[in-house]
Every structure is written in C-alpha cells, then in structure tokens.
Amino acid sequence: MKMKAILLLGCVSLVLSGCFKLRGHYGTKSYDAVARPVNSNDIIVPDGYKIEALPGSFNFPSGITIDDSGNVYVLEAGYSYGEIFTVPKLLRVEASGKQTVIAEGSKNGPWTAVDYYKGHFYISEGGSLEGGRILKVTPEGKISRLVENLPSFGDHHTDGVVVGDDGYIYFGQGTATNSAIVGKDNFDFGWLARKKDFHDIPCEDIILNGENYETENVLSEDKEKVQTGAFVPFGTKTVKGQTIKGSLPCNGAVMRLPINGGNVELVAWGFRNPFGLAFSPDGSLFVTDNGFDERGSRPVFGAGDLLFKVKAGTWYGWPDFSGADSLSGENYKARKIRPKSLLQKYPNKPPAPVATFGVHSSSNGIDFSTSSTFGHKGDAFVAQFGDMAPNVGNIYGPVGFKLVKVNVETGDISDFAVNKGSKNGPASTLKGGGLERPIAVKFSRDGNTLYVVDFGVLEMPEKGPAPKQNTGMLWKISKL
Amino acid sequence: MKTRLSVYLIIFMCMGFYLSSCSSRRIKKDMTEISRLDDQVAEGRIIFKNQCQKCHPNGEAGVGPSLNDKKLPSFIIRARIRSRATFLWTGRMPSFSKHEISEKGLDALLAYLKNMEKKDK
C-alpha cells in the first residue's frame, strides 16, 4: 500500500514537472503600437482557397459590414479589455487601403458590431461608461440613439447586432459577471470600482437558492469579509426562496427592437455573452455565446463556447448550465469549488447547443456561406479571438486565434484559416506573419469573398490584458 | 499478487503518460472534409467534435493536452474515456458513460483518433 502511494506520488510529480506546461502570462503591460509583420503564407486555408492581407491597419477593429454597392466598412471599437479608451469609429475602407471616417463615437465603447440595412448602419455601442446603446447612423455619419441605458457596465457589453428581414434589429447583451456573482474578478476588470452597485438583471422573475460567496471587501480599505449572492450588488447577501424581479432590458439576452426605434422586446435569455449574431440562409437566427471562465467567486472549469440556434422565448441556461449540462455535476468543478445551482426553478430545460467550441476560444463573429461559388453553402464561419489565459483559467496550449467552419446540422467544426506550424497560437507568439485575433467575419454581397477582421495583438502580462494599438487588420479569403 | 499487478500497472501507465506528454512532432492541421473520411472515422469525428473538441480542439492542446502528436495504447484511451480512475483520479477530464458514448461510438471515436495520428507528417 505504502509502495503504491510512493509510486503514485512519483508519477504525479513526474508528470507535473514534465512536459505538461500550462500557459502562463506573456507580453508587456503597454498599449503602444508594435510592429506587426504580415505574411499570408504563414496561414493555411483549405485547398482551392487563398487568403490575402488587405493594406492598412486599424485600431482595435471589432466589426464589419458591406453596403448595397459592395463598399466595405470596418468598426473600430474605441475600447479594449485592459481598460483603454480610444475613439470608436465607423470607417469606409477601399481596396487600396484608404480609410474614410463615416462616424465617430464618444468615450462609451466598445462599439462591438455593425450591420448595414437599407441605407443605414446599425451599431451596438458597448457602453462601458454610460450604458449600452443601439445606434442608427446615416451614410453621412449622423448618429441617432434607438435605445440607450442597456445594462452594459460589466464584464460583457452590448454585442452583435443584425437586422432581420422582419424589420427588427436583433442584438445581444452580455452579462455583468462570469457566473452571476459580483466579486474580486470584476474589481480587477476595472468596472466594479466605477459602478459599485452594478449586477446582473434577469429577464424574467427568478427564485434564488440563497447561495452566497465570501470574499474580501475590495471596495473598502479594511478589506473585511463580505458575502455576495446572485443577481445582487457586491457585498449583498441573498436568502433561499428570494425572488429577483425580472425586467427589460436585461443581461445575458438576445433582444430586439423595431427598425425605427421603439420598445425593446425579449427574444431569448440565459446566455452569458451572446457576441455574434447571424441569420442562416433559411432565416434562422444563430448566436455564438462565450462560455464560463474559471475565475471569480464561482469559477467554472471546462465550459466551451457555444453556438445556439435561437428559439424565441427560450431560456438557455446561464448561470446554472453550460448548454444542456448542469454545472453542479463533477465535470465543471473548478479546483476547489463546485459551482452550486443558484436558481431554485428553471424556466425550461436548456437546449443543447448546435456546436461546442474550444473552452476559452472566445468564439465571436459569425456569418453564413450562401454561395455555391465559395462553397460550404449553409455552413457557419466563426472568428475565434483566442484565449485570455491564464486570467480565464489554465490551459495546456493556446486556444482559438483562427477561423473555423461549422456544419450546423452535425456540430462538426473544422479549421478554415489557421496559422501554420506545429503549435497553435497568435502570429506574435509564433513569430510569424499570420492571424492574430480574428474577431468578426462577413461575406461579400455576392457571397464569393469572406472578409476576416483581425483585432490585432493583445498580450496577457501579469498586470492584465495589454492590447497593442493600431495592430488590427483585414484579411480576405476567396476561391482560387 | 494483486498489489504487484497494480504496481506494474501504475508504473506502466505513468511511463506512457509521461512519454506521451513529451513528444513534439510536427502536426499537419486537420482540414480534411468529413465527406472524404470512411464512415466509421466520420462517425467518430462527429462524436469527438461534440464530446471532446472543447478541451482538445481538433486534437490540439487546450484545456486538455494535445492528442494529435502522440500514440497512446487504445486500451488506455478507452479506459480513460470510461473512468476517471484510469489516471488515478489525478486528472480533470470528465468520464463518459455508455449512455453518453455507446460501445459502437467508442470504437468509432478510437478509429477517428488513430486517423488523427496518421495526419502526423
């Protein structure tokens, strides 16, 4: 018996000390622009396709759209994790690389997505300082607010926007927190010090189990212990059976409003960060949802990013499920804490996702192929920003940093544009000239060209995310 | 006798685990269209994408270690998929019951994993 124990110990330490190296912090805490070598030969695409870099650079680009004449427009976010504020911009981009400013926003980024529809642009304004908004922009650059005060002060913002053929603007609204408990991780993000009372708002009434989590009081000098429950401000306790009133607009939801403005309506809820929205060729709405992180007061291990087909009126499981899986089993247990169920009753059985992406891959922008010339008609193309490890959890190797293709019938995911080499990762760590952090994708009007927005370099030094200014760019994929 | 056997088993698995974790051969990225795979491998691929992909994306490292650059004996992989006990409960990888992955599904999954190794060039 003793022998076995010694052997076991030896084995464990051998393995741990050996080649299983977890990814640590990297890079420097500076926002200054860095040189970004660009070489499309460092990227593999499937046989029969080519990828090219378009000239010009962008400052934290996040979205893309195309007008009726085929002009390409890129959105610059004006904010990045790491708490850097710049000017959000909508730019028209010519093939020569020439950029023309169409509209500029205020210090309330990030502008996360844009859609062009019948002569106007619709932009989701992340709203980290003044709340989220959906903006309508004329081709001359006149901005009007269709809705404001969306609950967007937290970890995740007002996200993906797409106009449906029904004349409604659909958009995502991310949650304030990782898993419904405001904690030290939100203080580290930067927003909790600004918005001490902010927390997640459910879309409908919910009844709590009264789970509370103890942390030090990051908002006081004394750092005394405080307890925080779900869907309440930092330092507020909840009790079993307590009802939290639902209201609109809410967090972790896909909502919609009429194209000319009006009341916000709920489409579906129980998402975490519904970042990318797109209609499939048959008119169904799909959403990419960034899964839980292993961070904060209620960390969750091993939750993938998910692709859902949106069914109106449905609850999709946050904060107690990852897809159809309950977090309370063995599989989602973080190092020390098992995520207990926060809600006493569920609105419905959460639906299974259409596909499950890499844990921490940050699967974001999405579009569908509609062209038999380009091929893969009906498949979804998803831009993976790439992990922000180790802050989001430990990993053995970089996840994401590429473009993937998804068969939405089978959930089959395959790489479509990925950096060459034996290891995965962003170009800057592979020392190549390929993809850095793809964040949005869009097919041209004829469907024959796929544009990929690359956010640029974002490193993860110990002091928190360090995005590098003006390292963003645009790629173009087409059939040979 | 029984203890002796389990000691050998531990040493054996331990070495396998260690050695497998050290290889760093070049990988060809997996861009094969599923229609080009034979039926069993294709079935295994769908199971992999739905059950394993999130931690071993396309066989590469992620929340779990890479699988496409090493050759673990099939019986160890089978055992690990079915039970956490295989690596002595040291790991974080979930186990999968027959309800989640059938025996036939497991055969297909193994065929897919073997095919993934062949990608290795």
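Below are the figures for this structure:
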quantity: Some residue of the range A:304-318 being in contact with a Pro (Cβ under 8 Å, 6 or more places away or on another chain) and farther than 23 Å from A:Val408 by Cβ; calculated: no
quantity: Every residue from the range A:374-425 that is among the β-branched types (Val, Ile, Thr) and more than 11 Å from chain B (Cβ to nearest Cβ); calculated: A:Val382, A:Val408
quantity: Subset of the range A:210-222 [of a type outside the set (Val, Ile, Thr) and out of contact with any strand residue (DSSP E or B) (no Cβ under 7 Å at 6 or more places or on another chain)]; calculated: A:Gly210, A:Leu219, A:Ser220, A:Glu221, A:Asp222
quantity: Subset tally (residues that are in a loop (DSSP other than H, G, I, E, B) and aliphatic (A, V, I, L, M)) for the range A:229-250; calculated: 3
quantity: Sole residue being away from chain B (no Cβ under 14 Å) and of a type in the set (Phe, Trp, Tyr), chosen from A:Tyr332, A:Tyr316; calculated: A:Tyr316
quantity: Lone qualifier among A:Thr158, A:Thr138 - being within 17 Å of A:Val264 (Cβ to Cβ) and in contact with a strand residue (DSSP E or B) (Cβ under 9 Å, 6 or more places away or on another chain); calculated: A:Thr158
quantity: The range A:423-442, subset charged (D, E, K, R) and over 14 Å from A:Val34 (Cα atoms), residue modelled with the lowest pLDDT; calculated: A:Lys423
quantity: Residue match in the range B:36-48 (condition: modelled with pLDDT under 95 and within 7 Å of chain A (Cβ to nearest Cβ)); calculated: no
quantity: Qualifying residues in the range B:67-91 (those that are in a loop (DSSP other than H, G, I, E, B) and touching a residue at least 24 places away in the same chain (Cβ under 8 Å)) - the one nearest to the other protein chains (Cβ to nearest Cβ); calculated: B:Leu88
quantity: Among residues of the range A:262-277, those that are part of a loop (DSSP other than H, G, I, E, B), in contact with a Phe, Trp or Tyr (Cβ under 7 Å, 6 or more places away or on another chain) and hydrophobic (A, V, I, L, M, F, W, C), counted; calculated: 1
quantity: Residue ID - nearest to A:Phe58 (Cα to Cα), chosen from residues in the range A:68-103 that are of a type in the set (Val, Ile, Thr) and not in a loop (DSSP other than H, G, I, E, B); calculated: A:Val74
quantity: A:Thr356 being touching a Gly at 6+ places or on another chain (Cβ under 7 Å) and modelled with pLDDT of 95 or more; calculated: yes
quantity: The range B:51-62: number of residues that are without any contact (Cβ under 8 Å) to a residue 24 or more places away in the chain and facing another protein chain (nearest Cβ under 8 Å); calculated: 5
quantity: Condition met for A:Val392 (on the phi < 0 side of the Ramachandran plot, of a type in the set (A, V, I, L, M) and modelled with pLDDT under 95); calculated: yes
quantity: Residues that are over 26 Å from B:Ser35 (Cα atoms) and assigned to a loop (DSSP other than H, G, I, E, B), drawn from the range A:364-392; calculated: A:Phe385, A:Gly386, A:Asp387, A:Met388, A:Ala389, A:Pro390, A:Asn391, A:Val392
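The values are calculated or read from the model by the stated rules, or taken from the named source; none is laboratory data. Treat the numbers as computed from the prediction; the structure is a model and nothing was measured. Positions of Cβ are generated from backbone atoms using ideal geometry, with glycine treated the same way; all protein chains shown enter the neighbour counts.
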